[in-house]
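Scroll down for the structure; my scribbles are underneath it.
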């Protein structure tokens, strides 16, 4: 067998651009490598703090360090790149044009596919920590608009523990408390939007609770992990024939 070199490490097909955080990340979270059955490669973007991302738009001064980090991951041999926060959707074009491998900056990229599957009349519930910050610029950043895709943005209540942990960058978390809040959020959403056809997590930290949300809602749940697995299969296809 002849092998071609050029990198230091091998086998890490998906590269993940991480915010500069310290909060715990349980299995299912994008920042926990045990969330995946295949190796991933992480790159922390220094000073990319949550308060510089979580707003009506991410701090434009972060475009340069994110692009640099994406190019580093490409040079290190990954085959596709994502990020650890759906609010980075406005950076999608900048990152995709900066490298020669696929980039999927936000789970929100899945909305057109979900919309095609469920039709015009059934809204997609977009779950996010702070609904007041989610706006058309995030959606347009990944190529779609609420003018053509029916969505219902559902945020957490202001006093919830979840955003205190993740936006507040806490060093501790209680998974049972967060699970209860995700289930409560789902029940409220189903009352407000009973005709929804699917749920899409903007927030990558919600992924550990996807099965709980699905059980409460009875709806298909999409998140950054569904997108990561889909892209991974495209760059590392399953081999059927020898």
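A few comments on the model shown:
- Prolate/oblate/rounded call for the stretch 1-137, Cα gyration tensor, a/c under 1.5 rounded: prolate
- Compared with the direct C-alpha span, the chain from residue 149 to residue 230 gains 27.0 nm at full extension, assuming 0.36 nm per residue.
- Additional length obtainable on full extension of the chain from residue 37 to residue 22, 0.36 nm per residue less Cα span: 3.0 nm
- Relative frequency of Cα-Cα separations exceeding 25 Å in the stretch 73-184, percent: 35 percent
- Segment residue 164-residue 188, extension gain: residue separation times 0.36 nm, minus the distance between their alpha carbons: 6.6 nm
- The chain: calculated mean residue ellipticity at 222 nm from DSSP helix runs of at least 4, using -39500 (n - 2.57): -9500 deg cm²/dmol
- 0 to 90° range, to nearest 10: angle between helix 224-235 axis and the chain longest Cα axis: 30 degrees
- Each of 49, 7, 166 was scored by other Cβ atoms within 10 Å of its Cβ. Arranged with the fewest first, they read 7, 49, 166.
- Within the stretch 23-46: backbone nitrogen closer than 16 Å to the residue 171 label point (7 Å, Cα to C-beta): 23-25
- Rg [Å, one decimal], Dmax [Å, integer] - the chain, C-alpha atoms: 17.7, 59
- Label-zone membership for the stretch 25-45, site residue 64, 7 angstrom Cα→C-beta point, backbone N under 17 Å: 45
- Counting neighbouring beta carbons within 10 Å and listing from fewest to most, the residues 87, 66 come out as 66, 87.
- Measuring r between the beta carbons of residue 157 and residue 215 and using R0 = 25 Å, the FRET efficiency lands at 0.75.
- Of 224, 167, the sequence from fewest to most neighbouring Cβ atoms within 10 angstrom is 167, 224.
Bear in mind these aren't lab numbers, they're just calculated from the coordinates by the rules spelled out. As the structure is a computational prediction, the values presented were derived from the model and not from experiment. Quick reminder, even Gly has a Cβ in these numbers, built from the backbone with ideal geometry, and neighbours come from all protein chains shown.
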